[in-house]
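S.K.: My questions will all concern the structure given below.
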Amino acid sequence: MMNDDAQDAVGDYRYGFHDPEDSTIRFDKGLTEQVVRDISELKNEPEWMTDIRVKAYRHFAERVMPDWGNCEMLNAIDFDAITYFLRSSKGTESDWDDVPEAIKNTFDRLGIPEAEQKWLGGVTAQYESEAVYHSLRDDLEQQGVLFFDMDSGLREHPEIVKKYFCSVVPYSDNKFAALNTAVWSGGSFIYVPKGVHVEMPIQAYFRINAKNMGQFERTLIIADEGSSIHYVEGCTAPTYSTESLHSAVVELIAMEGATIRYSTVQNWSVNVYNLVTKRGIAHKNSTIEWVDGNIGSKLTMKYPAVILKGEGSHAEVISVAYSGSGQHQDAGAKIHHLASNTTSRILSKSICKNGGRSSYRGLLQVSPKAQNCRSKIVCDALVLDEDSQSDTYPTMEVANSSADLEHEASVSKVSSDQLFYLMCRGHSEDEAMGLIVNGFFEPFTRELPMEYAVELNRLLQLEMEGSIG
Amino acid sequence: MAEEVLRLSDLHVSVEGTEIIKGLSLVINQGEVHAIMGRNGSGKSTLANVLMGHPAYEITSGEIYYQGKPLVDLEVHERARAGMFLSFQYPSAIPGVQVGNFLRKSVNSVQGESALSAREFRVELKQRMELLSMDKTFLSRYVNDGFSGGEKKRLEVLQMLLLQPKLAILDETDSGLDIDALKVVSEGINSMPSQTSSLIITHYQRLLDYVKPDFVHAMIDGNFVKSGGPELAIELEEKGYDWLEV
């Protein structure tokens, strides 16, 4: 049964159900070097991986909490109360029928197998710490596309993983990247060979079921020269009154002329801390796009980053954040223009209501040697009531005067005239608010695969229901 | 005798404590076209807004009956669903919401989801847009976002034609239109079914050259000072309003 207080706190969260916990392996709560070694041993990992994990753990243990963002919420995280590894199934299946019944039911309720048949090139479904289901279309496999859950990727292609693991996000990057590197489990490993275009999106679905769970997936995507891929991830968790921690690391490598688009619709329940490091490195004439939607979670701190290392490379970060009661979405983008003729665009849209808080935090850097870089940053916030808060923390470090930069920021409110106009067309106040909110997010939703866009609009409509007292 | 659609009796309306409408009475029967003429600030637009239930306007005394029932019991969207329509003088922009989707959603809200199939809706939409000389690129633009004055007014009239109200209130629909646009918009208004009742608010007579009212009311300082037939509109155009002032 769902805890009543938690239900009161979050209202109607559609994915708040949970299965009975039926784990085959569950580590004791709390984190020590031994836990890290045990995870590595259990997974039968090569020694070099164990070494990285241990180094990362030591760094994590020494590293102080960030002194920015929402320190009050961050400092409330009790690392000793978290379970760092939980295995719920014997292995990763490639046939839905072989997935344990309870887990399968969960993903059925989330609509995953249905979506796979209709519009996906590949699917991985992670439940707690590990993938329980995985598939890739035959034609992609034949073209040499590698798509595994990260554990299998390490087993099957250790040479590629060793080369790129921690190459974009070193474990010393921040406290949570260190934590992830120490205890990572699951996530996706993708390699797209030269010139191969993966036309249908590849999807990963992340589900936390257990209480006080920590999910630390690790994703590595390498798009070789002239290739392209669109990767989509979705996240949900049950609603408990105690907190869970989701701390992922995602590393993208776009080789010359490649395109990677990474889309996220994060809809964690509001008891989940979502502290994620996402970064891509873009080589010559390549493109990296982060399309990042944050609807759920208690606290999200996430700033998808692109290092524009190669001349003529391009970065896009399009993000939306919705913050309701008790939520803080601290999100943004980081772009590092290291090479000449690189371009970037950041579009950030946020909505807050019922005392929610959304922050845009961005960093734009242009290095001294990078000539003729262009960047456009647009941040729009929509504040739905007096109790809610929106703030922006933009930082620009520009060391080359040839750069052409634009920055626009706006904070707006829904006007009573807009509501009245829509209500005069037969829409109730909630529906009118939903229309305005969906319209506000439209520049984002139009970038998503249609099924995700429809789902996102529906979620937002739900969030708007009963929003007016 | 025609059925009564709207009845105002001794209506008083205030905005932020200032009385704007001062004891107005009016009956509109089915199929009748009423025009209210008056200068800026006479209370015409206030009347339009209060009829639709704008929250900023307070009815301090008097009654409004719509189809024989007290109107105050209905919320704004319920009034729309009951067949009332307001063509706005200054329609709001709704960025990110495409005109096509918006029209479909509005028709569904007012007439019910099952009233028109998607196909029937498209056919209907195409016909109405042709009548109003609207290009189909309108449908993918955002509602009133970056629209010219004329485009906004066309979209208002298009909505009116699609929603098929029982009572259409047109607030300064002619303002800001050139003569060609005025003709097109008038044609749209005239294509409404004959049983539709209309309340046309304007301060020029020129719209009434194209849309023939049954009754004309001259409004000064929150009340009707004179009512008559179409000839009153011409008289007002020629003589202005000063001669009517007390």
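S.K.: With unit charges on the beta carbons (Lys and Arg positive, Asp and Glu negative) and the dipole taken about the Cα centre of chain A, which residue among A:LEU42, A:ASN70, A:GLY122 sits farthest to the positive side?
M.R.: Projecting each Cα onto the dipole axis, the largest value belongs to A:ASN70.
S.K.: Across peptide B:88-98, how many C-beta atoms of other chains are within 10 Å of each residue C-beta, on average?
M.R.: Shielding by partners across B:88-98 averages 6.
S.K.: Per-residue ellipticity at 222 nm for the protein assembly as shown, helices alone: DSSP H runs ≥ 4 residues times -39500 (n - 2.57), over residue total, nearest 500 deg cm²/dmol?
M.R.: Calculated at 222 nm, the ellipticity per residue is -8500 deg cm²/dmol.
S.K.: Place +1 on the Cβ of every Lys and Arg and -1 on the Cβ of every Asp and Glu in chain A, take the dipole about the Cα centre, and give the residue among A:ASN285, A:CYS379, A:ALA331 whose Cα lies farthest towards its positive end.
M.R.: Most positive-ward Cα: A:ASN285.
S.K.: Still on this model: Given points 7 Å out from each Cα along the Cα-Cβ axis, report the A:VAL54 to B:LYS22 separation in nanometres with one decimal.
M.R.: Here the modelled spin labels are 9.2 nm apart.
S.K.: All other residues with a Cβ under 12 Å from the Cβ of A:LEU405 taken together, and with Lys, Arg as +1 and Asp, Glu as -1, what is their net charge?
M.R.: It works out to a net charge of -1.
S.K.: Which peptide among A:397-409, A:294-306, B:140-152, A:350-362 comes first, and what is the full order, when sorted by highest mean count of other Cβ atoms within 10 Å?
M.R.: Highest-to-lowest ranking by the protection proxy: A:294-306, A:350-362, B:140-152, A:397-409.
S.K.: Please enumerate, by chain and number, the lysines with C-alpha under 24 Å from the C-alpha of B:LYS69, excluding those fewer than 8 residues away in the same chain.
M.R.: Within the straight-line limit of under 24 Å, B:LYS69 reaches these lysines: B:LYS22, B:LYS44, B:LYS166.
S.K.: Here's a follow-up. Report, for the protein assembly as shown, the % of DSSP beta bridges that are antiparallel, rounded to 5.
M.R.: 20
S.K.: Using a simple charge model, +1 on the beta-carbon of Lys and Arg, -1 on the beta-carbon of Asp and Glu, nothing else, what dipole does segment A:306-385 show about its Cα centre, in debye to the nearest 20?
M.R.: 160
S.K.: Excluding residues on the same chain fewer than 8 positions from B:LYS136, give the aspartates and glutamates whose Cα lies under 14 Å from its Cα.
M.R.: Once the sequence-local aspartates and glutamates are set aside, what remains near B:LYS136 is B:GLU124, B:GLU151.
S.K.: With both partners inside segment B:4-241, how many of the DSSP beta bridges are antiparallel, as a percent to the nearest 5?
M.R.: 60
S.K.: Is the shape of chain A best called rounded, prolate or oblate, per the rule: a/c under 1.5 gives rounded, else a/b larger than b/c gives prolate, else oblate, with a ≥ b ≥ c the square roots of the Cα gyration tensor eigenvalues?
M.R.: rounded
S.K.: Another question, if that's okay. Between B:GLU245 and B:GLU130, what length in nm is gained on full extension when 0.36 nm per residue of separation is reduced by their alpha carbon distance?
M.R.: My answer for the length gained is 37.0 nm.
S.K.: Moving on. Positive end of the charge dipole of chain B (Lys, Arg +1 and Asp, Glu -1 on Cβ, about the Cα centre): tell me which of B:ALA115, B:GLY176, B:VAL50 has its Cα farthest that way.
M.R.: Projecting each Cα onto the dipole axis, the largest value belongs to B:ALA115.
S.K.: Something else about it: How big is the charge dipole of segment A:4-302 about its Cα centre, in debye rounded to the nearest 20, if each Lys and Arg gets +1 on its Cβ and each Asp and Glu gets -1 on its Cβ?
M.R.: Charge dipole of segment A:4-302: 800 debye, to the nearest 20.
S.K.: For B:ARG206 and A:ASP139, FRET efficiency with R0 = 60 Å and r from the beta-carbon atoms, rounded to 0.05?
M.R.: For R0 = 60 Å, the calculated efficiency reads 0.35.
S.K.: Related question: List the aspartates and glutamates whose Cα lies under 19 Å from the Cα of B:LYS239, skipping any in the same chain that are fewer than 8 positions away.
M.R.: B:ASP209, B:ASP221, B:GLU231
S.K.: Separate question: Please sort through the DSSP H helices of chain A and keep those with an alpha-carbon extent of at least 30 Å along the long axis and a Kyte-Doolittle average not below 0.0.
M.R.: none
S.K.: Tally the DSSP beta bridges in segment A:4-302 and give the antiparallel ones as a percent, rounded to 5.
M.R.: Taking every DSSP beta bridge with both residues in segment A:4-302, the antiparallel ones total about 20 percent.
The numbers here are math on the coordinates, done by the rules we state, and not lab data. Since the structure is predicted, the reported quantities are computational estimates derived from the model, not experimental observations. Quick reminder, even Gly has a Cβ in these numbers, built from the backbone with ideal geometry, and neighbours come from all protein chains shown.
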